[in-house]
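Here's the structure we're looking at; comments come further down.
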Amino acid sequence: MKVGIPKALLYYYYYPFWKKLFEVLGIETIVSSSTSKEIMDKGIEFSVPEICVPIKVFTGHVAALIEKADYILVPRMVSILKDEYFCPKFMGLPDMIRYTVPGAAEKILSPSIRSESDSISDPKHYSEFVDVLGVSAKELRRALKEAEKEWQRFRMLSKQGHVLSDIYRFLEEKEELPEITKEEDPFQVTIGLLGYVYNIYDEFVSMNIIKKLKELGVRIITFEMLDEGEIFRSIRFMRKRLFWTFSNKLLGAGYFFYNNPSVDGLIHVTAFNCGPDSLIGKMLELDSGQYEKPFMTIRVDEHTGEGHLLTRVEAFVDMIRRKKIKMRGALNHENNFSIYGNNAGL
Amino acid sequence: MKITFPYMGTTLAYKKFLDLLGHETISPPKPNQRTFDLGVKYSPEFACFPLKVITGSYLEAVEQGAEVIVTSGGHGPCRAGFYGELHRKILHSMGYDVDVIVIDSIRRDFKTVMQNIRRIKGKNSWRKLLWAARLTYRLIKALDDFEMQIQTKAAYEVSKGDCWRTWDKIQGILENIWTDRELEAAQKRCQKIIDQIPIREVPEEEKIRIGIVGEIYVVMESSVNMQIEKVLGDFGCEVRRSHYLSQWLDDNVMPKFLGKSREEEILKKGEKYIQIQIGGHAKETMGHIVDYRDQGFDGVIHLMPFGCLPELVCQSIMPKAMEELNIPVLTIALDEQTGIANNLTRIEAFIDLIKNKKRKRISRAG
């Protein structure tokens, strides 16, 4: 028996957990290969045209696994915080996959996650495993405990300031973790990179923005590196919080970056037609003037245009770097290329 | 304090409620091109269409002097539950000093809800508030009852436009009731007017019934859905909607112990396609389609705002569901790009298909 894990959506956040879980249960797993043109095309074929790109990617990964695995893990993510939820598309994901990908109906394995924290190891979410996979409740409890430990270790690495792509290379390919750049150099540019893990770390969707920023010598901070308490403290001013936990985390991280003097600018990577982002993007954009920090939105979808991304990211980083140099007095006159002006909504 | 409210469906009922409590109310104009333009200009680009239209209609109301906006909240996880907060932010950033009162679900935040209800109550006694609520509820019931009659009769009217003209007239009459007795008299009068509309006789087997399902705002507000009910009536179809104001009140405001609501039944029917409530009206949409099939409807039109999160899940499921349920469904996404001619063609083709299918079935049976 083989369980397929699509390399999409929350794979990037929970894979170490799932991997350990199945390992301890003694069930073989197969992970789909990284998103490629073929997978993308499959996804487009089986999903509604106007749905957001991460869902199309997920659909493509399921389609790629359908022949290779006996079961496919399509979790129904309902909540990971009290009174908050996931985007409706996550909540209806198994329903959607069941009726769109041919042959998926009998293969879907969908634990229903209704947790009160990021940790998803409560055995009650996984009752389906006992019936479908034929594991005993005791085995399941033990495996979940071990998986939880593994996942906490993984989260620690994030909180030390490593980007997920480096962590996965460390965990999977035993490559060394790069050293974290300390903020000693006064001209070091630090950018708060906002976006859901499945957009930013999917190298096909984000056109590997992490690598591009690193090549430009930028220090990157993302929301998963921050402490939850810190994130939620920074959106305490809101009368009514958003309904989506990960969107709240992004928004909280956004305001944290605005308030943190070591962050020089924000880049928001969002998928075309992402509902939650249409609200948080606007809120952060409206407030960027007040905090005097540049904010740029990069909208991605299944159309790839790497050239434009590189140009915009480069221009954005250059602008910040020049501003920094000027403020330190290293540039004593303004030349023809003004760095001033309203850059909201670039 | 001048009060206004979002424009959706038969707004005369909301106005009546606030008027009965002695407030000065400003009804925003029915959404039109200017409303859309204003809304699109000042709302987030990728926000859903209803949010934009409501932004526009708030702005028009504020221009007319509205100081307070009363709206209903939501408990997610669809974007509609956050409208109030976002509208407040947009209006304030434009420099308008308006107060947005969001009546949330009482289960989520009891204290604030009671506070807000007290503000709307004003100096009136609780008894008067209850009386006003009851009268408004009866008014809404009456309105929905008449509207359903119109939705049926419009398919068979002899001279085109009769029914919807009558509907306007009925709204005009019901707008002027102030007491229970006046309401009863007006109801009798309206019924008489409806009964007088001449209709042609159509044999039962040739009648076509279409259900409209989808996101509540685009289903209920005719100015954003190309007046789809009128269009379908002109094609000779009887129409029913998945949302009526009175049903919404029954489902959301009435206490649960007063009996099993219709909503639960509908949700049960939708369970096969969407197992849990995923926000918005996705599960209801699937439930209503099953329900319309069970009632013997001939087709369903599924309306959604472009990019609507929950309805996209429905749309994904739709091809398979249609096949399994053996009922044709046409999904139409609506937004500020009003491609009316395009959508009308699609609807016409859809109705033609249904008519042909029906004719074939009849001839085979005969």
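Laboratory data are not the source of any read-out in this text; all were calculated from the coordinates shown. Just so it is clear, the structure is predicted and the values come from calculations on it, not from any experiment. Neighbour counts are summed over all protein chains in view; Cβ atoms, including those assigned to glycine, are modelled from backbone coordinates with ideal geometry.
Observations on the model:
- Inter-chain Cβ neighbour count for B:276-282, averaged per residue, equals 6 (cutoff 10 Å, partner chain atoms only).
- Qualifying lysines (Cα of each under 16 Å from Cα of A:Lys145; at least 8 residues distant if same chain): A:Lys19, A:Lys20, A:Lys124
- Only lysines eight or more places from B:Lys128 in sequence, or on another chain, were considered; those with a Cα closer than 24 Å are B:Lys2, B:Lys15, B:Lys16, B:Lys111, B:Lys141, B:Lys256.
- Efficiency of FRET between B:Asn342 and A:Lys149 - r from beta-carbon atoms, R0 51 angstrom, step 0.05: 0.35
- Angle in degrees between helix B:126-153 and the longest Cα principal axis of chain B, rounded to the nearest 10: 20 degrees
- Counting only whole DSSP H helices of chain A, the ones at least 15 Å long by C-alpha along their axis and with mean Kyte-Doolittle hydropathy no lower than 0.5 are A:53-65.
- Mean separation of Cα contacts under 8 Å, 6 or more apart, over the residue count of region A:123-273: relative contact order %: 25 percent
- Straight-line cross-link partners of B:Lys41 among the aspartates and glutamates, defined as a Cα under 15 Å from its Cα and at least 8 positions apart when in the same chain: B:Glu60, B:Asp335, B:Glu336.
- Charge-dipole axis of region A:64-197 as Lys and Arg at +1 and Asp and Glu at -1 on Cβ define it, positive-most pick from A:Thr190, A:Ile97, A:Ala137: A:Ala137
- Label point distance in nm, A:Glu306-B:Asp294, each placed 7 Å from Cα along Cα→Cβ: 5.5 nm
- Relative to the longest principal axis of the Cα atoms of chain B, helix B:162-174 runs at roughly 20 degrees.
- Computed about the Cα centre, the dipole magnitude for the protein assembly as shown is approximately 1500 debye when only Lys and Arg (+1) and Asp and Glu (-1) carry charge, each at its Cβ.
- Acute angle (nearest 10 degrees) that the helix B:309-325 long axis makes with the longest principal axis of chain B, alpha-carbon atoms: 20 degrees
- In the protein assembly as shown, helical runs assigned H by DSSP with n ≥ 4 each contribute -39500 (n - 2.57); averaged across all residues and rounded to the nearest 500, the mean residue ellipticity at 222 nm is -16000 deg cm²/dmol.
- Cα centroid separation, region A:160-184 to region B:217-233 (Å): 55 Å
- Highest-MSF residue in chain A out of A:Ala147, A:Ala64, A:Ala315 [GNM, Cα springs under 10 Å]: A:Ala315
- Label sites at B:Lys272 and A:Glu106, each approximated as a point 7 angstrom past Cα along Cα to Cβ, lie 1.9 nm apart.
- From least to most packed, judged by other beta carbons within 10 angstrom and beginning with the fewest, A:His162, B:His288 follow the order A:His162, B:His288.
- Cβ-based exposure ranking for A:Met40, A:Met1, in which fewest neighbours within 10 Å come first: A:Met1, A:Met40
- When you count the other C-beta atoms within 10 angstrom of each residue and take the mean per peptide, B:194-204, B:295-305, B:177-187 line up highest first as B:295-305, B:177-187, B:194-204.
- Two-site FRET efficiency, A:Glu314 against A:Ser262, from Cβ-Cβ distance with R₀ of 22 Å, rounded to 0.05: 0.50
- Across B:Leu20, B:Leu325, B:Leu245, mean-square fluctuation computed from a Gaussian network of chain B (C-alpha pairs under 10 Å connected) peaks at B:Leu325.
- Peptide B:304-312 has a mean shielding of 5, counted as Cβ atoms of other protein chains within 10 Å of each residue's Cβ.
- Residue exposure proxy: A:Met77, B:Met114, ordered by other Cβ atoms within 10 angstrom of their Cβ from fewest to most, comes out as B:Met114, A:Met77.
- Placing R0 at 51 angstrom, the Cβ-Cβ distance between B:Asn356 and B:Met94 gives a FRET efficiency of 0.45 after rounding to 0.05.
- Pair A:Lys174, B:Asn124: separation of 7 Å Cα→Cβ label points (nm): 7.6 nm
- In the elastic network of chain B, a GNM with C-alpha springs shorter than 10 Å, the most mobile of B:Leu12, B:Leu344, B:Leu232 is B:Leu344.
- For A:270-283, mean number of other protein chain Cβ atoms within 10 Å: 5
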